[in-house]
1. Where residues in segment 73-94 are open to solvent by 80 Å² or more (accessible area, probe 1.4 Å) and in contact (Cβ under 8 Å) with a residue 60 or more places away in the chain, which of them is farthest from Lys40 (Cα to Cα)?
2. So how many residues does segment 14-66 have that are in contact (Cβ under 8 Å) with a residue 24 or more places away in the chain, under 15 Å from Leu90 (Cβ atoms) and not hydrophobic (A, V, I, L, M, F, W, C)?
3. Within segment 25-48, track down each residue that is part of a helix (DSSP H, G or I), under 23 Å from Gly8 (Cβ atoms) and either in contact with a helix residue (DSSP H, G or I) (Cβ under 9 Å, 6 or more places away or on another chain) or modelled with pLDDT under 95 (or both).
4. Evaluate segment 56-72: report whether one residue or more is out of contact with any Lys or Arg (no Cβ under 9 Å at 6 or more places or on another chain), open to solvent by 40 Å² or more (accessible area, probe 1.4 Å) and not in a helix (DSSP H, G or I).
5. Could you say which residue among Arg51, Arg18 is farther than 16 Å from Leu3 by Cα and part of a loop (DSSP other than H, G, I, E, B)?
6. Given the conditions (1) under 13 Å from the mean Cα position of the chain (by Cα); (2) open to solvent by 30 Å² or more (accessible area, probe 1.4 Å), which single one is not true for Arg18?
Amino acid sequence: MYLRQLIGFFIRASSDHRVGPHHVALYMTLYQQWCINNGKSPFPVTQVQLRQTAKIGRTTYHKCMRELEAYGYIQYVRSYSPVLGSLVYLQELD
């Protein structure tokens, strides 16, 4: 299950001209969190943690999350609460 998701992402992203290195870095960070959550969606995330791990800034983070959702790679349920994390669903890509 885990490898199918990862391989599915790389196959799809390699032929998707819209996906760049920041998208890949952020998706890999999301994938890592998904694995930590035993491959279950949704899983909670915080912007600070994702940005630090993916090595991207705030503007790039918001742009890439919006685009990954628009391109069909994730579903992002943003939390505006400083206490609660947002939720992310990885779309099945196998």
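1. Restricting to residues being open to solvent by 80 Å² or more (accessible area, probe 1.4 Å) and in contact (Cβ under 8 Å) with a residue 60 or more places away in the chain, the top hit is Asp94.
2. Going through segment 14-66 one residue at a time, the tally reaches 9.
3. Ala25, Leu26, Tyr27, Met28, Thr29, Leu30, Tyr31, Gln32, Gln33, Trp34, Cys35, listed by residue number.
4. Within segment 56-72, none of the residues are out of contact with any Lys or Arg (no Cβ under 9 Å at 6 or more places or on another chain), open to solvent by 40 Å² or more (accessible area, probe 1.4 Å) and not in a helix (DSSP H, G or I).
5. Residue meeting the stated conditions: Arg18.
6. Against the list (1) under 13 Å from the mean Cα position of the chain (by Cα); (2) open to solvent by 30 Å² or more (accessible area, probe 1.4 Å), Arg18 comes up short only on (1).
The values are calculated or read from the model by the stated rules, or taken from the named source; none is laboratory data. Given the structure is predicted, the values throughout are model-derived calculations rather than measurements. FYI the Cβ positions are ideal-geometry reconstructions off the backbone, even for glycines, and counts take in every protein chain you see. These area figures cover heavy atoms from the full protein model, side chains too; ligands, DNA and RNA do not enter into them. Shrake-Rupley method; radii C 1.70, N 1.55, O 1.52, S 1.80 Å.
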